[in-house]
Structures are given as C-alpha cells and as structure tokens.
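This report refers to the structure that appears directly beneath it.
The values are calculated or read from the model by the stated rules, or taken from the named source; none is laboratory data. What you see is a predicted model, and the numbers here were worked out from it, not measured in a lab. Cβ atoms come from the backbone with ideal geometry, glycine included; neighbour counts cover every protein chain shown.
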Amino acid sequence: MRRAVVIALLLATALALALALAGTWAYAVHPWPVRQTPTELVVEQGANARTLGRSLAGQGIDIPGPVFEIAARLRGDAHRLRAGSFEVQGPVTLRALLDLIIGGDFIQRQLRIVEGWNFRQVRQALAAQPELRQEMAGLADAQVMERIGAAEPHPEGLFFPDTYSFTPGSSDVDVLKRAYRRQKAVLDKAWGERQADLPLRTPYEALVLASIVEKETGRAADRPQVAAVFVNRLRRGMMLQSDPTTIYGLGERFDGDLRRSDLRADTPYNTYTRGGLPPTPIAMPGRAAIEAALDPPATRALYFVARGDGSSQFSETLDAHNQAVSRYQRGR
C-alpha cells in the first residue's frame, strides 16, 4: 500500500514537473507564428488580457487567446498592458510579446503643424488622423482652450509649428497641449531676450506681430526686414496696412481676390482702417518669426513690396515704394 502511494506521488510529481516544463517551454521558447512580419499589434485603450488575447488572431498573431491570458496573469502583468501600437517580429514567444507590450517601444505616428497655418487648419489636420482619439470633435474653439488648460480664450497663434510624434490611440487634445506648451516656452524665452524699447507691451502682442511677419514673409531671409518695417510703423503710429490681417478679418467671405472694397470694409483685423496691432494673432508663427519680431535689425525702411519671386523690395520713402510697386506689381 505504501509503495503504491509513493509511486502515485512520484507520478504526480513527474506529471506536474512535465506540465511545468511544457508551460515554461510554451511561454519562453515556443515560437508562435506571425502571419506577416513585421506586423503591427494594436492594444486598444482599456484592453485587458482577455480582450487582447481574443484579438491576437485577428491581428495576424497566432497565439490562442486563453494561452495569452493565462501567461499574462501568471507573470502578474495582466493589469500592466499598455495601450498603443507595437511592431511584432515573428515568430514570437509569449515572453517576448508580453515584454514588448509591458515595456517595449511604441510605434510612432507624426503630425506636422505648419508655420502660417491658422487654428482651423490645425484642427483639420488633427481630425484627419484616424489613429488619434477625437476628443475635440463638436467642441467650440473656446471649449478646446478650456480642455487644454489654456488661459487664453482665442486659440490663434498659440501652437508651435513643428512635427509631433504620437502613438495610435493618443488624444488629439494631448497633441495640442504639447504644441501649446512649446509655443509658450519659445515665446517666453524670446520675450526675455527681446530688444529694448520695442513698441510691444506684452508677450501676446509680440505673438500678434510675429504672426503678421510669418504671413507677410515670402522668403526666410527677408523675415527680419519685414519685422523691422512693422516695428518702425508701430513706433511712428502708422497704419500697418497688412493684407494678411485684412484677409483674416474677412473670414469665409474672402474668395482669394483681395479687392479695394475689402480694404475699406472695417473689421477688427483691417489694418488699413484701424491703427495698431489687430486683437489676436492671425496664424501660427514659428520660432524665426517670433525672434525676428522681438529682435528686428536697425533699418529706416517703412515699406516693402513683393518682387514676384518670393523676395521683397524694401523702401524708406513713399516715393521709392511707389516706384517699386510700379516696377514689380504693375509691370512698368
């Protein structure tokens, strides 16, 4: 009887050991097939070990869902699954797959905010990213500003033009927050290093001017000169007479052709009818435009006109400017 018990115990121990070894092999050694390598594994926001396991086959990774779930629970990582996209090279072991999801690198997507874009264009670019969670859909601009924690009610100009990486499943609000913080940091630094005696009272006014410089510049090398012209005009109390500000004020009424009647149509952004700066920026200025607005070169130029090749002709007097207009704009 004792011998039978001992044999039974030995068999049970051997079976348990065999099962443990088989489980270890299936977890750490067995190469599970990946139908196309590399493949992108998407872990949805809020996914758990069970729901992710069920989705593996549909994503081209041939690991049975229950096997994945048991492995995640046994190693204590079922609650540590990270949402995002991961590149899986096949074949893959259970251990390697879980290591990737728990602590590996995400696949990154990119969104570019372009210098000179307005906020409507920024929102369109965010909305066009299917892998971003669209939390701003249906929100007014002021509500978006509240959502990102901004004190300013008007969004124009407040987002730094750059390329932003994000992981699939991230929020559009998160990307916008990063752009907002970057713009604030760039503006604060430039304001702290600004030229003395500028006709600008606040960093926000500097941002307004920088947005005009951004829209008025056809060639990067002309940007400091363009900024200097507007600073000189502000110092003298002259009208800025900027076409881009006037166009911005027309909104959807602008059809691509700026007419004399448009220049006479008074809006808060018409710098042909109103003195000083417009009430808000008109676009997203980049670092170079902000720095040019706050550190313009010494010049007496008060006018500039496009030459037609992207560059501008700068003039100190109205007569010289009229001659430049005749030469470059009227073909004489």
I'd like to check something: does the range 102-113 contain any residue that is modelled with pLDDT of 90 or more, closer than 30 Å to LEU158 by Cβ, crowded, with 18+ Cβ neighbours inside 10 Å and out of contact with any Pro (no Cβ under 7 Å at 6 or more places or on another chain)? yes
Based on this model, can you work out whether GLU156 counts as at pLDDT 95 or above and either crowded, with 21+ Cβ neighbours inside 10 Å or in contact with a helix residue (DSSP H, G or I) (Cβ under 7 Å, 6 or more places away or on another chain) (or both)? yes
Hits in the range 252-310 - residues which are among the small types (Gly, Ala, Ser), under 16 Å from SER242 (Cβ atoms) and outside any loop (DSSP other than H, G, I, E, B): ALA289, ALA292, ALA293, ALA306
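Hey, among VAL325, VAL305, which residue is touching a His at 6+ places or on another chain (Cβ under 8 Å) and not hydroxyl-bearing (Ser, Thr, Tyr)? Before the answer, list the steps.
Working: VAL325 fails: touching a His at 6+ places or on another chain (Cβ under 8 Å).
From the options VAL325, VAL305, the qualifying one is VAL305.
Out of the residues in the range 119-152 that are polar (S, T, N, Q) and outside any helix (DSSP H, G or I), state the one that is farthest from the chain's Cα centre (by Cα). Write out each step before concluding.
Of the range 119-152, the ones polar (S, T, N, Q) are 121, 124, 129, 134, 143.
Of the ones still in play, those that are also outside any helix (DSSP H, G or I) are 129, 134.
Numbers: GLN129: 11, GLN134: 14 Å.
So, considering only residues that are polar (S, T, N, Q) and outside any helix (DSSP H, G or I), the one farthest from the chain's Cα centre (by Cα) is GLN134.
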Got a number for residues in the range 159-182 being touching a residue at least 40 places away in the same chain (Cβ under 8 Å), under 20 Å from ILE290 (Cβ atoms) and surrounded by 17 or more Cβ atoms within 10 Å (Cβ to Cβ)? 7
Between a residue in the range 73-89 that is crowded, with 16+ Cβ neighbours inside 10 Å and any residue that is of a type in the set (D, E, K, R), which pairs come within a Cβ distance under 6 Å, given they are 6 or more apart or on different chains? SER85/GLU40
Restricting to the range 187-227, give me the number of residues that are surrounded by 18 or more Cβ atoms within 10 Å (Cβ to Cβ) and closer than 13 Å to ALA289 by Cβ. 20
